[in-house]
Amino acid sequence: MQKMETYRFKTKISKSGIIRIPGKFPLHDKEVEVTLVPKETKSRRKDKAKNFVDEWAGFLQSTSTDDSRYDYLMDKYK
């Protein structure tokens, strides 16, 4: 059984559908199997963060502690 090597590199598909393979891989004139995985863009990450904030905003609302502190200090130093 022949050992199968896997190569990984980043490239961009041209508007005409051409994929350029760097010259350092010994794949010229060979039959290959291609798997394409779209690269996640930064804008998706921002959208995910925004969706998270929109979903969880207000879940834990902060309470004003100034009044409690004032009352405690007033009672303590009477």
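Quick check on Glu33: is it in a helix (DSSP H, G or I) and modelled with pLDDT of 80 or more? No. Scanning region 1-17 for residues that are assigned to a loop (DSSP other than H, G, I, E, B) and under 27 Å from the mean Cα position of the chain (by Cα) turns up Thr6, Tyr7, Arg8, Phe9, Lys10, Thr11, Lys12, Ser14, Lys15, Gly17. Please list, ordered by first then second residue, the pairs with beta carbon atoms under 6 Å, 6 or more apart or interchain, first in region 16-37 and under 17 Å from Met4 (Cα atoms), second surrounded by 10 or more Cβ atoms within 10 Å (Cβ to Cβ). From region 16-37, the pairs are Phe25/Tyr7.
The values are calculated or read from the model by the stated rules, or taken from the named source; none is laboratory data. The shown structure was predicted, so the numbers you read here are calculated from the model rather than taken from an experiment. Heads up, the Cβs are rebuilt from the backbone with ideal geometry, glycines too, and the neighbour counts pull from every protein chain shown.
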